[in-house]
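The values are calculated or read from the model by the stated rules, or taken from the named source; none is laboratory data. Remember, it's a predicted structure, so these values are computed and weren't measured experimentally. Cβ placement follows ideal geometry from the backbone for every residue including glycine, while neighbour counts extend to all protein chains displayed.
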Amino acid sequence: MSDIAPASPAVPAMAACSVTTLAVHPGGAYSVLEVHAPAGAGVVPHRHEREDLTLLLVEGAATVTSGDRSAALVPGVPLGLPRGRPHAVAAGEDGARLLVVCAPAGLESVLQAVADPGVDADDRAALLAGHGVHAVGGRW
């Protein structure tokens, strides 16, 4: 990642994004998700206890921030995020479409639940925490 000022955590919630499960390995080794994020949408800094992630930008623009470093995702170039590493993701001004590989599988059902605009912030935080996904330094 390049040394760029950190992205603001004040981005619209994950609730603004749509999440589609494209595949789940029969043994649960991984799942593949497609995330459509409208302009400026994303998630606050957070960390996953259970899964490693690989992000692949398909179209649009998105920035990933981890610690004090930020980098723009490059279309077609995967970015690995090991479990435990705090990170935030924000879509660019034209939005973004990403493929996300989660290993192991399991996160897909939680993300689809929290992406529902009818889920309030406290319920969203509880669902995520129950799966080992925690906001870092703030609220969802």
Quick one: count up the residues across segment 96-119 that are β-branched (Val, Ile, Thr) and assigned to a loop (DSSP other than H, G, I, E, B). 1
Can we say Glu93 is modelled with pLDDT of 85 or more, closer than 25 Å to Ala61 by Cβ and assigned to a helix (DSSP H, G or I)? no
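Rundown of residues vs (1) part of a strand (DSSP E or B); (2) modelled with pLDDT under 95; (3) surrounded by 14 or more Cβ atoms within 10 Å (Cβ to Cβ), yes/no style:
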site: Leu33; (1), (2), (3): yes, yes, yes
site: Val43; (1), (2), (3): yes, yes, yes
site: Thr54; (1), (2), (3): yes, no, yes
site: Leu57; (1), (2), (3): yes, no, yes
site: Val64; (1), (2), (3): yes, no, yes
site: Val77; (1), (2), (3): no, no, no
Pick from Ala113, Ala135: which is free of Cβ contacts under 8 Å to residues at least 24 places away in the same chain and surrounded by 15 or more Cβ atoms within 10 Å (Cβ to Cβ)? Ala113
